[in-house]
1. If you check every pair at least six apart or on different chains, which have Cβ atoms under 9 Å apart with a residue in the stretch 109-131 that is in contact (Cβ under 8 Å) with a residue 24 or more places away in the chain and under 14 Å from D97 (Cα atoms) first and a residue that is of a type in the set (G, A, S) and surrounded by fewer than 16 Cβ atoms within 10 Å (Cβ to Cβ) second?
2. Before we move on, is D130 open to solvent by 40 Å² or more (accessible area, probe 1.4 Å), out of contact with any Cys (no Cβ under 8 Å at 6 or more places or on another chain) and closer than 19 Å to F58 by Cβ?
3. Quick check on my filter: what residues within the stretch 133-147 are surrounded by 13 or more Cβ atoms within 10 Å (Cβ to Cβ) and not in a helix (DSSP H, G or I)?
4. Scan the stretch 48-100 for residues that are of a type in the set (S, T, Y) and either touching a Cys at 6+ places or on another chain (Cβ under 8 Å) or open to solvent by less than 70 Å² (accessible area, probe 1.4 Å) (or both) and report the count.
5. When you go through Q115, Q121 one by one, which is the residue that is in contact with a helix residue (DSSP H, G or I) (Cβ under 7 Å, 6 or more places away or on another chain) and open to solvent by 90 Å² or more (accessible area, probe 1.4 Å)?
6. Among (1) closer than 21 Å to I151 by Cα; (2) touching a Ser or Thr at 6+ places or on another chain (Cβ under 9 Å); (3) open to solvent by less than 80 Å² (accessible area, probe 1.4 Å), there is one condition K104 misses while meeting the rest; what is its number?
Amino acid sequence: MADNKTKSTKPANKTPPKSPADPAKERAAKRLSYESNSSHEGAMAAELSALEEAFRKFAIHGDTRATGKEMHGKNWSKLCKDCHVIDGKNVTITDVDIVFSKIKGKSSRTITFDQFKEALQELSKKRFKDKSNEEAVQDIHKLIEGKAPIISGVTKTISSPTVSRLTDTSKFTGSHKERFDPSGKGRGKAGREDLVDASGYVPGYKHAGTYDHKVQGSK
């Protein structure tokens, strides 16, 4: 009987019960995990090459809907002009257009960054003929790395006879003419109202203000 009682007795559970989770520790662990992922993503962004950065800047130029992952032919041509890939001798605008049409897909109107590098490799052979393929690619990359689109041309004021007539005070007549002096400067209130002369002189008297000068001259 003693043996049966011994066998039926369950072994004691030596595993200590788990303590209730600490909410503060869980939040801290999640924050550390998030910061770790964010720092990893930041490192990946920092590793973005200067060439790809330039590609993205030109890819979104003039297009608010562009994502920077693909580039249109117009922006491709601008990049080649602004970065002096086109030198007018070895590489022309025609060469740039031909390479773009060759690299892009048949039904596509844009090129990706990888296709962009292929296009530069094609042009490097013409742009730097005297150098090896590797050196030529490196040199053409240097022309583009860290560059951004050049915003040229400032809106010029269009000369209009109508605008000129309306702004030229020397051509004003009537009451409008009285508002400006001969130099074109506004006369303020004196040009809008008839001010009363309280100097004591008769209105229109030509020798007003000469009395003191005459008295001093006679002495």
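The values are calculated or read from the model by the stated rules, or taken from the named source; none is laboratory data. Here the structure is a predicted model, which means the values were calculated and not measured. So basically every Cβ, Gly included, is an ideal-geometry build from the backbone, and we count neighbours across all protein chains shown. These area figures cover heavy atoms from the full protein model, side chains too; ligands, DNA and RNA do not enter into them. Shrake-Rupley method; radii C 1.70, N 1.55, O 1.52, S 1.80 Å.
1. Once the first residue is in contact (Cβ under 8 Å) with a residue 24 or more places away in the chain and under 14 Å from D97 (Cα atoms) and sits in the stretch 109-131, its partners that are of a type in the set (G, A, S) and surrounded by fewer than 16 Cβ atoms within 10 Å (Cβ to Cβ) give R109/G73; T110/G73; I111/G73; I111/G105.
2. On the way: open to solvent by 40 Å² or more (accessible area, probe 1.4 Å): yes; out of contact with any Cys (no Cβ under 8 Å at 6 or more places or on another chain): yes; closer than 19 Å to F58 by Cβ: no.
No: the conditions fail for D130.
3. E145, K147 - these are the residues of the stretch 133-147 that are surrounded by 13 or more Cβ atoms within 10 Å (Cβ to Cβ) and not in a helix (DSSP H, G or I).
4. Within the stretch 48-100, the subset of a type in the set (S, T, Y) is 49, 64, 67, 77, 92, 94.
Still in the running and either touching a Cys at 6+ places or on another chain (Cβ under 8 Å) or open to solvent by less than 70 Å² (accessible area, probe 1.4 Å) (or both): 49, 77, 92.
Matching residues across the stretch 48-100 total 3.
5. Working: Q115 fails: open to solvent by 90 Å² or more (accessible area, probe 1.4 Å).
Just one listed residue meets the conditions, Q121.
6. (1)
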